[in-house]
1. Pull out all pairs, ordered by first then second residue, where Cβ-Cβ is under 9 Å, the residues are six or more apart or on different chains, the first lies in segment 145-170 and is at positive phi and of a type outside the set (D, E, K, R), and the second is open to solvent by less than 20 Å² (accessible area, probe 1.4 Å) and within 14 Å of the ligand (Cβ to nearest atom).
2. Which ones in segment 43-67 are open to solvent by 70 Å² or more (accessible area, probe 1.4 Å) and assigned to a helix (DSSP H, G or I)?
3. Could you say which residue among L281, L256, L306 is touching a Pro at 6+ places or on another chain (Cβ under 8 Å) and either of a type in the set (A, V, I, L, M) or closer than 23 Å to I230 by Cα (or both)?
4. Of the residues D106, D73, D136, D102, which is under 25 Å from A34 (Cβ atoms), without any contact (Cβ under 8 Å) to a residue 40 or more places away in the chain and acidic (D, E)?
5. Can you tell me which residue within segment 130-147, out of those that are surrounded by fewer than 21 Cβ atoms within 10 Å (Cβ to Cβ) and outside any helix (DSSP H, G or I), is nearest to the ligand (Cβ to nearest atom)?
6. Might you let me know whether segment 88-101 holds any residue that is away from the ligand (no atom under 16 Å from the Cβ) and within 29 Å of T288 (Cβ to Cβ)?
7. Only one of (1) in a helix (DSSP H, G or I); (2) more than 24 Å from R70 (Cβ to Cβ) is not met by I124, so which one is it?
8. G127 passes all but one of (1) open to solvent by 20 Å² or more (accessible area, probe 1.4 Å); (2) within 16 Å of the ligand (Cβ to nearest atom); which number fails?
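The values are calculated or read from the model by the stated rules, or taken from the named source; none is laboratory data. It should be emphasised that the depicted structure is a prediction, and the values quoted were computed from it without experimental measurement. With ideal geometry, Cβ positions are generated from the backbone for all residues, glycine too; neighbour counts draw on all protein chains shown. The accessibility values were calculated without ligands, DNA or RNA, using every heavy atom of the protein model including side chains. Shrake-Rupley method; radii C 1.70, N 1.55, O 1.52, S 1.80 Å.
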Amino acid sequence: MAREGGALAETETHAAVIPGAPRTRTPELNPFEAVNFFFHRAADHIGLSDELRDVLTSSYRELTVQVPVRLDDGTLQVFTGYRIQHNGARGPYKGGIRYHPDADIDEVRALASLMTWKTAVVDIPYGGAKGGVQCDPTMMSMGEKQRLTRRFTSAISYVLGVNRDVPAPDVNTDAQTMAWMMDAYSGRYGYTPAIVTGKPVELGGSYGRDAATGRGVVYCLEEAARDYGIDLAGATVAIQGFGNVGSWVARLIGELGCRVVAVTDVKGGVHRADGLDVPALWGWAQETGSVVGFSGAEEISNAELLELDVDVLVPAALDRVINEGNADRIKARVVLEAANHPVTPAADDVLQEKGVIVVPDILANAGGVIVSYFEWVQANQAYWWDASEVESRLADRMRAAWLNVRDYAANNGLTLRTAATCLAVERVTEAHRLRGLYP
Ligand code: GLU
């Protein structure tokens, strides 16, 4: 088991990489094993029983469905879809739906369990779930994506419900996808706007939901900088991913005085040491579908971006991008996990030894599911809040969660990740105990 350093001491040990110092390496694991590795580290700290470990390292329900879709060329393609409900002790299952060729059962399981810890650490009344369809939406037309979404929704609708399981967007899905899901579900069960979150505002979505994950990431940086004494004036930032989360981080992080020097997306990226003109880059990406080719900047690959000598690194795309292969070469002082599970356990240990402050996914990117919760509350009441109310409630919840995690880490000599996981596991196990699910 790797050494746990005091979280508040991490800044001081930032530069202290001792060449040749012994290092406890953890093997690279599949995504579900990796997430459970982080869970067991927290479970060890709180002395969790083997019985509860068995419950919490497996899913409650795993649904695999066939999704046949008629393509535009007239052929039929059969996709595989999943909805995995990890734990529901604290409330309805909650979590996104991703469309990606790598969305296999291990990945979706891992992401479902992360949702359990995420909703618990920010203390919103949900369990954890995730869904996915193994497909490449970049190769599909809008019509094909709509048919896929409707068929998939219909196939999983038996396990959904406003008080049972509430999906949301994730990688390669968006407000339009949620509108189709809501419509497909409502066609069968009657008008049900609270069945999904992340819908368009016109259909009962919440103001501020699209920016929420990015905004939450930025709040975490602001708090971390204050607590660890980092000067953000002119601090350099590299962002991997320019989808919903990465692009909002890029657009908002300047408010803290930071300079975005590099951005990549799935096609490649751009780097400018003096800082990128983010609004212009956003416009360019909207127009062309990628940040690649933006004028006045040098080209950079996804792998190179991660290893840039920047103050803040924001992996905001896919999982396991920081791993045993590159962790030694990460130079950032702060890593904000805007993506889910971007750092493997082996890499996490290396970053810790280098003194890098890692704000874990279950805290850093929780702004999205927090505003999903607000959206669900509003839709259940059929009464909508204005944008400023959403934003101030999000800020309050993110900051409260940050303080909880920071104090837990400092008081117990843990990393932010282990502290956040301990807090979450304690809340979930307490819910199990109170509900009396076990003899
Ligand atoms: N997909 C997002 C996440 O991983 C949002 C989930 C939600 O809002 O339910 O946190």
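1. Sorted first by the residue in segment 145-170, then by its partner, the pairs are G161/P92; G161/I195.
2. Start the filter on segment 43-67 by keeping residues that are open to solvent by 70 Å² or more (accessible area, probe 1.4 Å), which leaves 44-45, 50-51, 54, 60-62, 64, 66.
Once the filter is applied, which keeps residues that are open to solvent by 70 Å² or more (accessible area, probe 1.4 Å) and assigned to a helix (DSSP H, G or I), segment 43-67 yields D44, H45, D50, E51, D54.
3. Numbers: L281 fails: touching a Pro at 6+ places or on another chain (Cβ under 8 Å); L256 fails: touching a Pro at 6+ places or on another chain (Cβ under 8 Å).
Just one listed residue meets the conditions, L306.
4. On the way: D106 fails: without any contact (Cβ under 8 Å) to a residue 40 or more places away in the chain; D73 fails: under 25 Å from A34 (Cβ atoms); D102 fails: without any contact (Cβ under 8 Å) to a residue 40 or more places away in the chain.
On inspection, the qualifying residue turns out to be D136.
5. Out of the qualifying residues, it is Q134.
6. Filtering segment 88-101 for residues away from the ligand (no atom under 16 Å from the Cβ) gives 89, 101.
Cutting the leftovers down to within 29 Å of T288 (Cβ to Cβ) gives us 101.
Yes, that holds for at least one residue.
7. The one condition I124 does not meet is (1).
8. The failed condition is (1).
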